[in-house]
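S.K.: My structure is below; once you've seen it, I'll send some questions.
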Amino acid sequence: MFQASLYHLLNQLLGIVGKSFPQYIRYSRPYMPPGSEAIVDTIEAIVHDQDVLAERIGVLLVDAEAPLRPGGFPMEYTDTHDLSIDYQLAAAIGYQQQDIDSIRALIDELQSYPEAKALCEEALGMAKGHLESLQEVLPASSSAS
C-alpha cells in the first residue's frame with residue numbers, strides 16, 4: 001500500500017516535470033517575432049533542466065521496479081499551439097505557478113519518504129527558479145510587441 005502510494009506520487013511529479021508547459025512549447029510551433037531569442041533560450045534552458053530531473057525521477061521509479069506513468073500533456077495546452085511565443089510566455093508563467101503549487105502539495109504527502117521528498121524539494125526549488133527566469137524575459141517580450 002505504501003509503495004503504491006509512493007509510486008503514484010513520484011509519477012505525479014514526473015508528469016509535472018516532464019509534461020510541463022515549457023515541454024509542450026518544445027513541440028508547438030509558435031509565431032516568433034523578431035527579438036524573441038531571449039524567450040526561446042529561456043524555454044530551452046528550462047526544458048533541459050526538466051529533462052534531467054525527469055530522467056532522475058524515472059530512474060528512481062525503474063530502480064524500484066515501479067511503472068512509469070507520466071501521463072500526457074493537458075488538453076488545455078493545445079489552445080495555445082499556434083499563438084505567438086509572447087502569448088505562450090505569459091501562459092508559461094501562469095502554468096509554472098500552478099506547477100509550484102502542485103509540487104508543494106506533493107512534498108507534504110512525501111513526508112514518510114525522505115529520498116522522494118528530497119527530490120521533490122529539489123523540483124520545487126528548480127520550478128521557482130524557472131518562474132523567475134520566465135518573469136525576467138517577460139518585460140523584454142512586452143517591449144518587442
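S.K.: So, in region 24-64, exactly how many residues are part of a loop (DSSP other than H, G, I, E, B) and among the hydroxyl-bearing types (Ser, Thr, Tyr)?
M.R.: So the count comes out to 2.
S.K.: Is there a residue being β-branched (Val, Ile, Thr) and free of Cβ contacts under 8 Å to residues at least 60 places away in the same chain anywhere in region 120-140? Reasoning before the result, please.
M.R.: Going residue by residue through region 120-140, those that are β-branched (Val, Ile, Thr) are 137.
From what is left, the residues that are free of Cβ contacts under 8 Å to residues at least 60 places away in the same chain are none.
No, because not a single residue in region 120-140 is β-branched (Val, Ile, Thr) and free of Cβ contacts under 8 Å to residues at least 60 places away in the same chain.
S.K.: If you scan region 110-123, which residues turn out to be in a loop (DSSP other than H, G, I, E, B) and surrounded by 13 or more Cβ atoms within 10 Å (Cβ to Cβ)?
M.R.: LEU110, TYR113
S.K.: Considering every residue within region 65-74, establish whether at least one is farther than 26 Å from TYR7 by Cβ, assigned to a loop (DSSP other than H, G, I, E, B), more than 13 Å from the chain's Cα centre (by Cα) and modelled with pLDDT under 95.
M.R.: As a first pass, look at region 65-74 and keep what is farther than 26 Å from TYR7 by Cβ: none.
Checked region 65-74: no residue is farther than 26 Å from TYR7 by Cβ, assigned to a loop (DSSP other than H, G, I, E, B), more than 13 Å from the chain's Cα centre (by Cα) and modelled with pLDDT under 95.
S.K.: Could you list, in sequence order, all residues of region 94-145 that are among the hydroxyl-bearing types (Ser, Thr, Tyr) and at pLDDT 95 or above? Reasoning before the result, please.
M.R.: Quick first cut of region 94-145, residues among the hydroxyl-bearing types (Ser, Thr, Tyr) only: 95, 102, 112-113, 133, 141-143, 145.
Passing the criteria: TYR95, SER102, SER133.
S.K.: Assuming ALA90 fulfils every condition listed in (1) outside any helix (DSSP H, G or I); (2) surrounded by 13 or more Cβ atoms within 10 Å (Cβ to Cβ) apart from one, which condition is it?
M.R.: Failing condition for ALA90: (1).
S.K.: For SER102, work out the one condition from (1) touching a residue at least 40 places away in the same chain (Cβ under 8 Å); (2) farther than 18 Å from ILE16 by Cα; (3) surrounded by fewer than 18 Cβ atoms within 10 Å (Cβ to Cβ) it doesn't fulfil.
M.R.: The number of the failed condition is (2).
S.K.: Also, I was wondering about something else. Could you tell me which residue of region 45-75 is surrounded by the fewest Cβ atoms within 10 Å (Cβ to Cβ), considering only residues that are under 19 Å from ALA92 (Cα atoms) and touching a His at 6+ places or on another chain (Cβ under 9 Å)?
M.R.: Out of the qualifying residues, it is ALA45.
S.K.: I've got another one for you. Taking the conditions exactly as written (small (Gly, Ala, Ser) and within 21 Å of HIS130 (Cβ to Cβ)), does ALA66 satisfy them or not?
M.R.: Against the criterion (small (Gly, Ala, Ser) and within 21 Å of HIS130 (Cβ to Cβ)), ALA66 does not qualify.
S.K.: On the basis of being free of Cβ contacts under 8 Å to residues at least 24 places away in the same chain and surrounded by 14 or more Cβ atoms within 10 Å (Cβ to Cβ), does ILE107 make the cut?
M.R.: When the stated conditions are applied, ILE107 passes them.
The values are calculated or read from the model by the stated rules, or taken from the named source; none is laboratory data. All values derive from a computational prediction rather than experimental measurement. Quick reminder, even Gly has a Cβ in these numbers, built from the backbone with ideal geometry, and neighbours come from all protein chains shown.
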